[in-house]
1. Need the full-extension length gain, Val70 to Glu104, defined as separation in residues times 0.36 nm minus the C-alpha distance. One decimal, nm.
2. With no solvent and one point on each alpha carbon, what is the Debye value of log10 I(q)/I(0) for the chain at q = 0.13, 0.14 Å⁻¹?
3. Please state the charge dipole magnitude for the chain, taken about the Cα centre, from unit charges on C-beta atoms (+1 on K and R, -1 on D and E), reported in debye and rounded to the nearest 20.
4. Tally up the carbon and sulfur contribution to the accessible surface of the stretch 6-145 as a whole percent, 1.4 Å probe, everything protein left in place.
5. Once the Cβ-Cβ distance between His96 and Asp4 is put in as r, and R0 is 25 Å, what FRET efficiency do you end up with, to the nearest 0.05?
6. Given a Förster distance of 22 Å, report the FRET efficiency between Asn133 and Gln53 from their Cβ-Cβ distance, rounded to the nearest 0.05.
7. Based on the Cβ-Cβ distance of Thr88 and Met150, what FRET efficiency does E = 1/(1 + (r/R0)^6) give at R0 = 45 Å, to the nearest 0.05?
8. Might you tell me the accessible area per residue for the chain, computed with a 1.4 Å probe and given in Å²?
Amino acid sequence: LRYDSGQKNRAMSLVMLRCGLRVSEVCDLTLPDLDMNARKIVVRDGKGGKDRQVWFSERVREALANWLEVRPEVDGDELWVFPTREGTRTTRQSIHRTIKTYAEKAGIQNWEEVSPHTLRHSFATDLYRETNNIRTVQKALGHADVSTTMIYTHSVDEELENSMKALE
C-alpha cells in the first residue's frame, strides 16, 4: 500500500490553517482526539499543559476523512493522526519543511519566511476578522493571557487604516 503524503500534507496544513493548532499539537494529535461527527479536535496538553477544544469546517473534515481512508495501519499504542511512513510520530522539523516546500510550489513571495506558525497566525487573523472578538481568538489559540493574542489585531488595524485611506 502506497503512503499518500499528499493527502496527509493537505489535511495537516488545513488543520493548522483552519483550527489554529501549533505544529507540536499537530505532531501529538491522536485518533481519539478527533471527533469526525462533531467536527471537533481535543488538543491535549497544549502549551502550558492545558487542554482545549477546537471545531473544524466541512472542508477540513473532508480532508481529514480522505487522509484517514489511506492512512496506513500502525503497530503499537500510539495512534498518531499523521504518522510517518514508519508509523512514528511526525516531527516538527518535517512539518516545517513540508510547509516551506508547499509555499515555494505555490509561488508565495518570501516563501522562505513561511512556517507552520504562519498558518496559525493566518487562522487567528481570519477568526478575529470574522468575529471581532479577541476573547474568542484567545480561547481558540489556547493563550493564557489575552495580551499574547493582541498581536493578531495589528494586521486587522493595518487593513482598516489602508481601507480608510483609500476612500475618496
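The values are calculated or read from the model by the stated rules, or taken from the named source; none is laboratory data. In this text, all values refer to a predicted model and were calculated from it rather than measured experimentally. Positions of Cβ are generated from backbone atoms using ideal geometry, with glycine treated the same way; all protein chains shown enter the neighbour counts. Surface accessibility is based on the protein's heavy atoms, side chains included, excluding ligands, DNA and RNA. Shrake-Rupley method; radii C 1.70, N 1.55, O 1.52, S 1.80 Å.
1. Taking 0.36 nm per residue and subtracting the Cα distance, the gain is 9.6 nm.
2. -0.67, -0.77
3. Using only the charged Cβ atoms, the result is roughly 160 debye.
4. C and S fraction of accessible area: 45 percent.
5. Working from the Cβ atoms, E equals 0.75.
6. That gives a FRET efficiency of 0.85.
7. My answer for the efficiency is 0.75.
8. With the other protein chains kept in place, the chain gives 60 Å² per residue.
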